[in-house]
Each structure stands twice: as structure tokens, then as C-alpha cells.
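Student: Below are the C-alpha cells for one structure; questions will follow.
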There are 2 protein chains.
Amino acid sequence: MLSKSKIKYIQSLRQKKYRDEAGVFVAEGPKVVQEFLESPNIKLEDLFFLKGSNGFNGTAISSIELEKISGLVTPNEVLAIFRKPVYDSIASPEGKLSLALDSIQDPGNLGTILRTADWFGIEQVFCSLDTVDVFNAKVVQSTMGSIGRVQVIYTDLPALIAEYPGLPVYAATLDGDDLYTMERPSNGLIVIGNESRGVSEAVLSKATHKIFIPRKGKAESLNASVAAAIILSEFCR
Amino acid sequence: MLSKSKIKYIQSLRQKKYRDEAGVFVAEGPKVVQEFLESPNIKLEDLFFLKGSNGFNGTAISSIELEKISGLVTPNEVLAIFRKPVYDSIASPEGKLSLALDSIQDPGNLGTILRTADWFGIEQVFCSLDTVDVFNAKVVQSTMGSIGRVQVIYTDLPALIAEYPGLPVYAATLDGDDLYTMERPSNGLIVIGNESRGVSEAVLSKATHKIFIPRKGKAESLNASVAAAIILSEFCR
């Protein structure tokens, strides 16, 4: 049986403040939990599974208990608490292709972008300090485990860029160079901006290149995760 | 003032059944409503705006009334009811590039895919009968008006394909040909499958080509709207 204080603790992890304090995050559902269990960078702290379901080691709980601790509308068999990944070193963005997210607000977009980055073998994603938390439940559920493979670093983006003077920095904008015909080196930082405002002036002024995805139809803009995907596909092909 | 029956009618439009009966859909917020007002294929039926806000013709209502009729967590100034678009003819998929969605379930994915199709100048999107309703509020809000420009046709996909024997049909799969190196003609049907099951066997067996987006990293799959975007970018460049 789960103690009241344990239930309260797990519920508190829905808020960033308490996740940060405890250095942990929550994942739910057999598929997502299994992905994290297999990740070398992520350590399990606690696991709760529905009595009668198989395949997990942890504490068997009742469906009423699972409902209490789950953040999902439909709880899904297993809930695990993992320690946030700790990396030996934060590698520099030099000599490879990385992604930078400048104030992405939608958890679904962040999750989708990490999954796409993981698909294309991107190892590091730098997020501005006001980008949505990667350990937000919606992000964790939509990355499908990519959080365990892609290093996500929250940092001041203009300061990061200033640290590496020779680094090519590509900002996705609505008035840049044609993505398909521009020179696309295999290293540098690709910056995707906020869902409605785009890349901030502070970052844009430090970008070495501006990228535009040529438009043939009439939509006013592309979704941020779609723009990230098209650009990554083009740079990584 | 809004009558009780009017409020009830507008609230009922959150359900597909009542939207279908009335042949209308609801859009909210100045930006989204404006996009539909400018669309030649879509006729306004009724418009309600918050007393004191400018720029719209219709019925001025109080914030309490707007809260009652709005489906948004945070009502946004204006709510309009539009007639579903009626097209003079449903053009055939021959001689151009179209998209087919095979059981897309997530409204956000459908909205994002329509917006991407609109960006790349795709004029028709064929949806399997079990694809989520395009007039679902979440889809309407996330397409940013693309519904007014892209013709969305719900139909039996295997039957549609059978009608056009020479039509190239490209199914996105995890075991197809390399998207980047395959021959990519400027006409045909690109099929994107369900978020977890992919393209159905019934459609896959009728496809003339299978497409795979080469993977360099370790993610198990790509989000459906991301896969659609990468493939459209490649075919339309």
C-alpha cells in the first residue's frame, strides 16, 4: 500500500519546482517506461505497477492507487520515477550539428522535436531558459524515450553562441535563404524559434545564416516542430 | 443577449454529430476567424464578438455569454460559425500531388498536416473515414485557416485508389525505399498512416511504392505530422 505522503510526493512531481528539487521526473505506460529503463543515462528511482500486470519490478499497487498517482486521464499499468540524466560533460557544440530551441512553449512541440532530433542522430539540443521543461509530463510522454538519448541543455542561447565565435548558426526565419539551395555544412547550430514570435532578436543578431523553407502554397507559417523536421532532414541527409 | 436555445445550439456544435447535421463548424479567436472570413470557399453563418472589441460585424455579447459558448479554456474575443466548405467538384487525384491520411487520430496532427500541405501548395487531402473530423475544434484552431484552402475529402481510401489504376501511390513505412534517392514524380498520392499502426494493410497492398525516411539515430519512429512534412518537403522542392 502507498502511504499518503508517498502519494502526495508523486503528485507534487507534476510541478517543475518539485521535480527540480528532487532531481527526478515521472514516466508512465509500459512502452515509455521500458524505453527509459533501457537508457544508460537514466537511473530508476521507484516503480509502481498495477497488481496482476507483468514484466516490471517494483511495487504492485491497486488501480485506485494508480489513479491517484497518475497524471494521465487514463492511467496505463505502470508509473516510474527516474532520476534526471546526468552527463559526464556537456560537450561543446563545435564539430557537429546541434539544435537550439529559442522559447518553444508547447510541450507537444518540444517532445516531437526531441524525437525528430533523435531520429536524425542529433546528440545535443540547447534550450533557451524560457523553453518549456523537458521533464514536463506531456514532453516525457511524447518523446518516446528520446530524452534518454539526446542531451538537453538549458542555457542562455546568446551567451552560448558568443562562447564559440567560429560556430555557424542557422536561424529559421520567414525571410532567410532558400533551405534547398543554400550551403549546408555538417556542423553548427540550427535555431528554431518560438511558435508565434519566431527566433528572438537577441539570437537572430548573432546568427551567421538565416534559413527559409520555400513556400508554394498559402499557409502563413509552419508549425515549429514541422520546420525543425524539414530543416534537420535537409541538413542530415 | 443570446437566447438559451442559441447557447445550447452553439455548445452542441462541439460534437461531430451536430456539426454534420447543421453543416457548420465553429472557429474562435480574431486571427483564426479572420482567416476563414477571407476564404472564398467558406461562408459565414453567425459571428459573436465581445462587447467593446473592434473589427468584426456580428452580435456583441458579454464576457459571460462568450464563456458559455466558447470551447476554449480562455475565450478569445470572437467566435464564429461557418458553413462547411462546398466545392463545385471533387477533382480527381490524377495529374498532381495529393496527400492521403489513413486513420490519423490526433486532432493536432491533422491540423499540422493540413497546414503543412497548404504551405507546400497541396490542394487535396483525402482522409480515411476513420480519420479524426477536420471540423473538430482542435483541428480548426491548429490549421490556421488552411481548411479554407485545402480540399479535405473523407472517403474509402482503398476504393479511391482502385478507381485510378495508373496513379502512383506512395505509402510511408518503416521498411520502404530511401526517400532521398528514390524517384519522386510530381504526381500521385502520398499516404501517411495511423500514429501507432502506420498505413493499413488494405491501403499498403494497393500502394505502388513504399517510402522510408532514412534514420541516423535511435528513435523508434517519427511523429506522423513530422513524417508527412519531411516527405512533402522532398516531393515538392
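The values are calculated or read from the model by the stated rules, or taken from the named source; none is laboratory data. Please read these numbers as outputs of a predicted model, since none were measured by experiment. A quick note on method: Cβ atoms are made from the backbone with ideal geometry, for glycine too, and the neighbour counts reach across all protein chains shown. To get the accessible areas, we keep the full protein, side chains included, count just its heavy atoms, and leave off ligands, DNA and RNA. Shrake-Rupley method; radii C 1.70, N 1.55, O 1.52, S 1.80 Å.
Student: Each residue of segment B:45-58 in turn: what ³J(HN,Hα) in whole Hz from Karplus with 6.51, -1.76, 1.60 and θ = phi - 60°, glycine and Pro shown as x?
Tutor: Residue by residue, segment B:45-58 yields 10, 6, 9, 10, 10, 5, 3, x, 8, 10, x, 10, 9, x Hz.
Student: Can you list, shortest first in nanometers, how far A:Gln15 lies from the same residue in the other copies, with each label 7 Å from Cα toward Cβ?
Tutor: Going from nearest to farthest copy, the values are 3.8 nm.
Student: Now for a different question. Calculate how many DSSP beta bridges within the protein assembly as shown are antiparallel, expressed in % of all such bridges and rounded to the nearest 5.
Tutor: Of the beta bridges lying entirely in the protein assembly as shown, close to 30 percent run antiparallel.
Student: Sticking with this structure for a sec: Report which residues of segment B:103-139 become buried by 10 Å² or more of accessible surface when going from the isolated chain to the complete set of protein chains (1.4 Å probe; DNA, RNA and ligands ignored).
Tutor: The answer is B:Thr112, B:Arg115, B:Thr116, B:Asp118, B:Trp119, B:Phe120, B:Gly121.
Student: Just by accessible area at a 1.4 angstrom probe, what is the order of B:Glu65, A:Glu38 from largest to smallest?
Tutor: Descending order: A:Glu38, B:Glu65.
Student: Right, here's the next one. Full extension from A:Ile64 to A:Asp130: what is 0.36 nm times the residue separation minus their Cα-Cα distance, to one decimal in nm?
Tutor: Extra length available between A:Ile64 and A:Asp130 comes to 20.1 nm.
Student: Same structure, new question: Please calculate the 1.4 Å probe accessible area of A:Ser142, with all protein chains present, and give it to the nearest 10 Å².
Tutor: Result for A:Ser142: roughly 30 Å² accessible.
Student: Using +1 on the beta carbon of Lys and Arg, -1 on that of Asp and Glu, and nothing else charged, what's the dipole of chain B about the Cα centre, debye to 20?
Tutor: The dipole of chain B has a size of about 640 debye.
Student: Can you run phi through the Karplus equation (6.51, -1.76, 1.60; θ = phi - 60°) for segment A:18-26 and list ³J(HN,Hα) in whole Hz, with x for Gly and Pro?
Tutor: The phi angles translate into 6, 5, 5, 4, 8, x, 10, 8, 10 Hz.
Student: If you rank B:Thr112, A:Thr155 by how much accessible surface each has, with a 1.4 Å probe, what is the order from largest down?
Tutor: Ranked from most to least accessible, the order is A:Thr155, B:Thr112.
Student: Considering only B:Ser5, B:Tyr164, B:Val26, whose Cα is most displaced toward the positive end of the charge dipole of the protein assembly as shown, charges sitting on Cβ of Lys, Arg (+1) and Asp, Glu (-1)?
Tutor: Looking along the dipole axis, the top candidate is B:Ser5.
Student: Can you list residues from other chains, or at least 5 along the same chain, whose modelled amide H is less than 5 Å from the amide H of B:Ile211?
Tutor: Result for B:Ile211 returns B:Ala171, B:Ala172, B:Thr173, B:Asp177.
Student: So what's the back-of-envelope 222 nm ellipticity for chain A, counting only DSSP H runs of four-plus at -39500 (n - 2.57) apiece and dividing by all residues, rounded to 500?
Tutor: One gets -8500 deg cm²/dmol as the mean residue ellipticity at 222 nm.
Student: Please give the solvent-accessible surface of A:Ser62 in Å², to the nearest 10, using a probe radius of 1.4 Å with every protein chain present.
Tutor: A:Ser62 has an accessible surface of roughly 40 Å² with all protein chains in place.
Student: Pop the C-beta distance of A:Ala202 and A:Asp178 into the FRET formula with R0 = 25 Å and round what comes out to the nearest 0.05.
Tutor: 0.50
Student: Ignoring everything but the protein chains, give the 1.4 Å probe accessible area of A:Tyr154 in square angstrom, nearest 10.
Tutor: 70 Å²
Student: In nm, what does the list of distances from A:Asp178 to its counterparts in the other copies look like, shortest first, when each label sits 7 Å along Cα to Cβ?
Tutor: Those label-point separations list as 2.4 nm.
Student: Identify, for chain B, the residue whose C-beta comes nearest the rotation axis onto chain A, and round that distance to whole Å.
Tutor: So the chain B residue sitting closest to the axis is B:Ala229, 3.
Student: Put a point 7 Å out from Cα along the line to Cβ at B:Pro30; what are the distances to that point in the other copies, in nm, shortest first?
Tutor: 5.1
Student: Considering only DSSP beta bridges whose two residues both sit in segment B:92-237, what percent are antiparallel, to the nearest 5?
Tutor: 5 percent
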